[in-house]
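Below is one structure, written out as structure tokens; the observations come after it.
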Amino acid sequence: MSNNIEKKHEIARRTFLKDSALAVGTAITGSLLLSGCSKNPNDYLREPKPKSEISSDWLGKAPDIPESKINETKTADVVIVGAGVAGLAAARAASENGASVIVVEKAGTWQCRSGQYGTLNNKIQRSMGITFDKNTAILENMKQMGYRSDQRVWNYWAEHSGKDFDWLLEMAPDLNVIEETKLDDIDRNKINLMIMHYPTPAGYNRDEENSPSYPTVMAFLPSQEPIQTRVYNKCKEQGCKFIFSTRAIKLIRPDNKGRVQGVIAQHVNGKYIKLKAKKAVILTAGDYGNNKSMMKHFVPYAMDYVNVFPNRDAKDKPTNTGDGHIMAVWAGAKIEDGPHAPVIHTLGGPMGTDAYFLANAKGDRFVNEDIGGQQLSNAIYRQPQNFAWQILDDKWPEQLQDMGVAHGSVNYCLPASENPKVPADCQWSIGRMGYTSREDFLKTKDLIVAQSLEELAKKLCPKSIQDQKNLLASIKRYNELCHKGHDEDFGKMKKRMFSIETAPFYAGKMVGGAMLVNMGGLTVNPETGNVLDRDYNGIEGLYTAGNTQGGRFLVDYPIVTAGVSHAFALVYGRLVGTVAAKL
């Protein structure tokens, strides 16, 4: 690709990421998920069903591409499919270890989004004394996923994420570390890193939590694009060659025996290119959340979740279509057993994911509200119209410090002048702040305020007197349990049983989270990232990382250790790049 064409795609990518931060970033915080659904008003998080039937044949057959159709052949030690976080990490690591590298990417340039990383024992954490027991954190993740993920993969994250994040920060000698309350300190000429959800409120004790979380997450602001730009430039300085607007369509492994020898790819102009790998092919091609046939096969219940994945290819189609998964299976690889895991953690209602009273559209309480955003989404998606009313009274400012600490939590009420305001271009990377003020809370979109519970019930359920009665009965019962100090119905801990008695009363919708990506990937050797076949034997010359890799998240996407998906991409990207280079 010429420099002019690459610059054109770079400008388009920056414009798109800026726009998506404004539109998509706001949507995932909750209220705007209700907009744009006028064609389907009774099902707030589902788009109208497509008119055409989705095929069940997600795999199809590998294309037959004769040698006569190959327009060009290139050779390198390592060929990498996909130039996202994992692909860039793999390219940097492989080239640092002396390998020649070709990276093929179907988008117009390299890809990234958001900016949160969940690590253990990086240099910033060490300097602040932030630590926790790795096994306790890992075991909580394992429990929430039914022990279906590979604990050895999680062990590798725990043992390497700190030093690998430090390796990433080598790209940021000008690092500007900022506190969550000091967003005005962002310096857009530097790499900015914000520590999130730290320090935790004085009364937070994860040993007594129903759904504990750990202080793993830091966020690059306004996104990770600035630091990944430096990674990309470092790769080029080290001799990596990037081929953009070119989709990998088939692995080269004759008769599905022996070593994977390379990749056949097709440029957006239709021409085929053969990329021969002297050592290995690394698949870092992302997830399959925008491949409807794969979603129908692996997670049919999640097919119609609103998908807010922002990255687009050179044909302006979503990039996360399972290309790496499909090519690998054609070559004999095993996709991990399910259930696979849609990432749908809600960021909550007017007061985030804090454990305030929830009632469904019928006015019934239905869950222990003191759970993480992913679990809240799971419960909400199984309620009428896929939403719940989050209801609280006027004592909420004094209650926040008793709430849990997790992705979407709000823990502090400050004077309006001190409440940090999230810049629009940081929204996608931050998600939800842990701070608010009375004034800012009252500006919440679609917030409903009432001076009596009866008035509130009429506003929330205007079309059904029975639903109003149900809601008032549910609140009455809840208040009784609060005074008892024991949640006999759903088991919420005593210190978060706040009665709803002091006017004015507030309510807003908490909707199930939109889908960011869908987790479920190729079965791997956890020590090397080598892709395994259906008999759990390694496929010579084939490696994977990022959202194409399995072993990380199954059943659900826990938010116990927020930001670990990017961290997995980093650590396994570095691992497979290093391993491949040394073959």
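Brief remarks on what is shown
- Being open to solvent by less than 10 Å² (accessible area, probe 1.4 Å), within 30 Å of E72 (Cβ to Cβ) and not in a loop (DSSP other than H, G, I, E, B) is true of V231.
- Number of positions in the stretch 292-338 that are outside any loop (DSSP other than H, G, I, E, B) and in contact (Cβ under 8 Å) with a residue 12 or more places away in the chain: 22
- Single condition N210 does not satisfy, out of (1) open to solvent by 70 Å² or more (accessible area, probe 1.4 Å); (2) touching a Leu at 6+ places or on another chain (Cβ under 7 Å): (2)
- For beta carbons closer than 8 Å, sequence separation of 6+ or different chains, a first residue in the stretch 124-153 that is assigned by the TED database to the domain that holds T216 and a second that is open to solvent by 70 Å² or more (accessible area, probe 1.4 Å) and assigned to a helix (DSSP H, G or I), the qualifying pairs are K134/E159.
- Where helices (runs of 4 or more DSSP H) fall entirely within the stretch 365-483, those with at least 2 residues that are more than 23 Å from the chain's Cα centre (by Cα) and farther than 27 Å from S223 by Cβ are at 396-399, 438-442, 453-460.
- Within this structure, V281 passes the test of being assigned to a strand (DSSP E or B) and either more than 25 Å from A99 (Cβ to Cβ) or of a type in the set (V, I, T) (or both).
The values are calculated or read from the model by the stated rules, or taken from the named source; none is laboratory data. For clarity, every value in this text was computed on a predicted model and none was experimentally measured. Cβ: placed from backbone, ideal geometry, glycine included. Neighbour counts: every protein chain shown. Areas reflect the complete protein model, heavy atoms only, side chains present, ligands, DNA and RNA absent. Shrake-Rupley method; radii C 1.70, N 1.55, O 1.52, S 1.80 Å.
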